[in-house]
Amino acid sequence: MFRTLCVVALLLPASAWGITPFANNLTVRLVVTGGPSGKQIQETEYWTGTKRISDTAHKRMIVDFEKKTLTTIYKESKAFSVQTFEDIRQLQEGMKQRLNNLPPQMQSQLNTGAPPVEVRATGKSQQLLGYEIKEYSLQGPLTGSVWVAESVEVAPAAQEFAQLVRQMGDPTSPGRQLAEGLAQIKGLPLKMSISSPGGPNKIVTNTEAVEISDKPPPAGLLEIPEGYVKAEVPKLSQ
């Protein structure tokens, strides 16, 4: 869930020493437990001055801030897709238009006017992996806590994609709400516990960084594996 957390994760980490946004390589290894599947997932986030890579056993996502592209590699089906930031923006505009065209009763049922996530500093702090992290509470459709290393700042190059992430999907979806909540916090999230609606029960997802280093991404990680087939991204008709 850190992709949706951070696409969600896709957006907040930067360099880890002082306010040097993406000036150095940064590699963060995460463990995610709980969530809809209840399984433990390992994910590695790689940051450079111009790119962000999220890598799991099943999928790899590459954001190129200079080329303004999102490349998704699907390991199980041996396929990949490429979207420009403009493609994503147009898709979201189409979805928004469809929602606006629904009858008022259906819009009410979809709860398109859900309240935003409220973020508050709790005043608590602790050490994790050599970083001082501070706690923020989340209240609203999502509840939980986020522990952040505030000495880290988002790179200017990532801002456009961060804005797109905050607009992606249904306004009431947990990923969208979380992205909007995290956008209010400066720094690198190293630990989270998030509860989101899941029918009669809450779905709790815990994410924690277990290793941080200044290693660059492994050679070849930015390349499309040989034999993978390009998949066309469906376009939303008006």
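Derivation of every value follows stated rules applied to the coordinates shown; laboratory data play no part. It should be emphasised that the depicted structure is a prediction, and the values quoted were computed from it without experimental measurement. No Cβ is skipped: glycine too gets one built from the backbone with ideal geometry, and neighbour counts run over all protein chains shown.
Ordering of 86-94, 214-222, 201-209 by packing is 201-209, 86-94, 214-222, highest average first (other Cβ atoms within 10 Å, averaged per residue).
Ranked by the mean number of other Cβ atoms within 10 Å per residue, highest first, peptides 59-67, 143-151 order as 143-151, 59-67. Here each label is just a point 7 Å from Cα along the line to Cβ, and for Leu129 and Gln40 those points are 1.6 nm apart.
Each peptide in 135-141, 77-83 gets a packing score, the mean of other Cβ atoms within 10 Å over its residues, and the list from highest to lowest is 135-141, 77-83.
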